[in-house]
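Reviewing the structure listed below.
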Amino acid sequence: SGCYAYDTVKIHVNTSPPVNLGPDKSFCSGDSAVFDAGTGFNTYLWSNGSKQPLIVVKTTGTYSVVGVDNKGCKSYDTVKVMNVFANPVVSLDHNNALCMGTTRTLDAGNFSSYLWSNGSTSEKMNVGNIGMYAVEVTDNNGCKGRDTTTITTILPLPSGFLPADTSVCSYDPLKVTTLGS
């Protein structure tokens, strides 16, 4: 019949802002990770049930979010907390007494780095005075541990436990006893 018809359709594609939760993470016990889905969404739904733009997590696991904008478009991302590392445990000698004129070596143990209260960065520290001594250690994961010890008493050296000097003949016996025996 030779007739033809045509029509035009205009299509507009709506896009929502991207969500980027960043790379997978690991952190130390007592720390946390903050994951932020960003702005531009009317609603948020996290895999842990939260409906806030950001969450704070303290445990291992996989966390995902879906953000829905005002046009109904959805954006999403997923991130994983791979490890929550235990903090290192450092234990200094907690004996609070020290003999006069002696020193004690405080040994923090085997870690990646050390920071003592006097600024020293070595594994061991020699102490010989009354005072508080603290160390912060860091392990290979960047986790920190601390301990403190205090020397409160300097003990006097023993004295006066032998009798006074005396002279004897080479053939006479000498009995030496401590005073008070």
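The values are calculated or read from the model by the stated rules, or taken from the named source; none is laboratory data. Predicted, not measured: the structure shown is a model, and the values here were computed from it. Heads up, the Cβs are rebuilt from the backbone with ideal geometry, glycines too, and the neighbour counts pull from every protein chain shown. With ligands, DNA and RNA removed, areas are computed over all heavy atoms of the protein, side chains included. Shrake-Rupley method; radii C 1.70, N 1.55, O 1.52, S 1.80 Å.
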### Message
Suppose all protein chains stay in the model; what accessible area per residue would a 1.4 Å probe give for the chain, in Å²?
### Response
69
#### Entry: Disulfide-incompatible cysteines by the Cβ rule (no partner under 4.7 Å) in the chain
Cys3, Cys73, Cys99, Cys169
### Query
If you build a Gaussian network model of the chain, linking Cα atoms that sit under 10 Å apart, which residue out of Ile154, Ile55, Ile11 swings the most?
Ile11
### Choice from Cys143, Cys99, Cys28 showing the highest fluctuation, given a GNM over the chain with Cα pairs closer than 10 Å
Cys99
### Message
What are the ³J(HN,Hα) couplings of region 38-49, residue after residue, when phi is run through the Karplus curve with 6.51, -1.76, 1.60 and θ = phi - 60°? Round to Hz, x for glycine and proline.
### Response
x, 9, x, 10, 7, 9, 10, 9, 8, 5, 8, x
### Cα centroid separation, region 121-144 to region 48-94 (Å)
32
### Summary
Any lysines whose Cα falls less than 19 Å from that of Lys74, other than same-chain ones fewer than 8 residues away, would be Lys51
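With r defined as the distance between the Cβ atoms of Met132 and Met82 and R0 fixed at 45 Å, what FRET efficiency is calculated, to the nearest 0.05? Mind dumping the intermediate values first?
On the way: r = 38 Å, r/R0 = 0.84.
That gives a FRET efficiency of 0.75.
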### Query
Between Ser26 and Asn70, what is the label-to-label distance in nm when each label sits 7 Å out along the Cα-to-Cβ direction?
4.4
### Query
Who wins for biggest fluctuation among Ser170, Ser91, Ser26 in a Gaussian network model of the chain, springs between alpha carbons below 10 Å?
Ser170
### Query
Roughly how much of Glu123 is accessible, in Å² to the nearest 10, using a 1.4 Å probe?
60
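Please give me the summed charge of the neighbours of Ala108: other residues whose Cβ is under 15 Å from its Cβ, Lys and Arg +1, Asp and Glu -1. Don't jump to the answer; show the numbers that get you there.
Details: positive: Arg104, Lys124, Lys144, Arg146; negative: Asp93, Asp107, Glu123, Glu136, Asp139, Asp147.
The answer is -2.
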#### Entry: Structure-derived volume of the Cα convex hull per residue in Å³: which label, when the choices are [x] 219; [y] 235; [z] 117
[y]
### Query
What percentage of the solvent-accessible surface of the chain, computed with a 1.4 Å probe over protein heavy atoms, is contributed by carbon and sulfur atoms?
52
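Rounded to the nearest 0.05, what FRET efficiency do Asp165 and Asp107 have when you use their Cβ-Cβ distance and R0 = 30 Å? Before the final figure, lay out the partial values.
Numbers: r = 42 Å, r/R0 = 1.40.
The calculated FRET efficiency here is 0.10.
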#### Entry: Calculated FRET efficiency for the pair Thr152/Lys175, C-beta based, R₀ 45 Å, to 0.05
0.65
